[in-house]
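Okay, structure first, notes after.
Just so it is clear, none of the values below were taken in a lab; they were calculated from the coordinates. Treat the numbers as computed from the prediction; the structure is a model and nothing was measured. Please note: Cβ atoms are built from the backbone with ideal geometry, for glycine as well, and neighbour counts cover all protein chains shown.
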Amino acid sequence: MTVTSRRDRLRAATLSEILETARRLLVADGLPAVTLRAISREMGMTAPALYRYYDSLDALLESLSIALFEECIGHVEAAVAEQKDVASKLGVACREFRRWSLAHRAEFALMFGRPSEQLPAPDDPMYAVGMRFCAVYLVLFDELWRAHPFAAPADDDLPADLRDQLATFKAATGTALTLGALQVYLSHWIRLYGSVALEVFGHLGFALTDAQSMFETELKTVMLSLMKPSTPGSGAPRS
């Protein structure tokens, strides 16, 4: 059993308090309110003392983003664990992601709303949590594909540049999905994530006062398309 020192415990507690304080400022007044000076003031620390824990605001915001992704993943996984069949799991996973996102709009904006100049490197913690978030849904598509192969284009029917990118993604994730099935996965994820993001950021108000029924309609359309059986040449797993 590993025994942590009192100093390590105090450091861990301070790191946790820093993130809690940053999140509280984020929720109360938005991202511009989250500064090292504001956090140190709220905690009764000096700004230089805060630099012993984070050398920049970007580093702090990255740690907060990772913690928020972990929280969201935990909620989705807990909801999925209560379901038996894969179709129910996938539906619940999408609904729980929407529920969490609408309940945490400021946090969602930090996680998904900031432009990224470049993708994180594979050894970056942000990359790891992003792939873990991706895996929550990809694993369910994989499970559905193995049990009830859904309609998907044959790999050779995909544009060459898309096929190459999907092949790289397939290698990174280790999924059993064909490239065509991966295209279906990404297409449906873009559709559902896009619905949630538009709702979270208030961009559906021009047409809808309550987007829940629209989301459920989109989800139903996605699920019905995934229930369509595969056709010869799609690369579906053989029984």
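Please compute the net charge surrounding Ala47, taking Lys and Arg as +1 and Asp and Glu as -1 over other residues with Cβ under 15 Å from its Cβ.
Net of charged neighbours comes to +1.
If Lys and Arg each add +1 and Asp and Glu each add -1, what is the summed charge of the other residues whose beta carbon sits under 14 Å from the beta carbon of Gly30?
+2
Checking the cross-link filter: which lysines have an alpha carbon closer than 26 Å to that of Lys220, excluding same-chain neighbours under 8 positions apart?
Lys84, Lys89, Lys228
Would you give the gap between the C-alpha center of the range 8-31 and the C-alpha center of the range 39-110, rounded to a whole Å?
Between the Cα centres of the range 8-31 and the range 39-110 lies a distance of 12 Å.
What stretch of the chain, leaving out the sites themselves, is the longest with no GluC sites (Glu not before Pro) in a DSSP loop having at most 16 other Cβ atoms within 10 Å?
By the stated rule (loop sites, at most 16 other Cβ atoms within 10 Å), 118-239.
Taking the chain as a Gaussian network, where each spring joins two C-alpha atoms under 10 Å apart, which residue of Ser187, Ser195, Ser65 fluctuates the most?
Ser187
Report the net charge of residues surrounding Ile73, where surrounding means a beta-carbon distance below 11 angstrom and charges are Lys +1, Arg +1, Asp -1, Glu -1.
-3
Radius of gyration and Dmax for the range 67-227's Cα atoms, expressed in Å?
Answer for the range 67-227, Rg first and Dmax second: 16.0, 43 Å.
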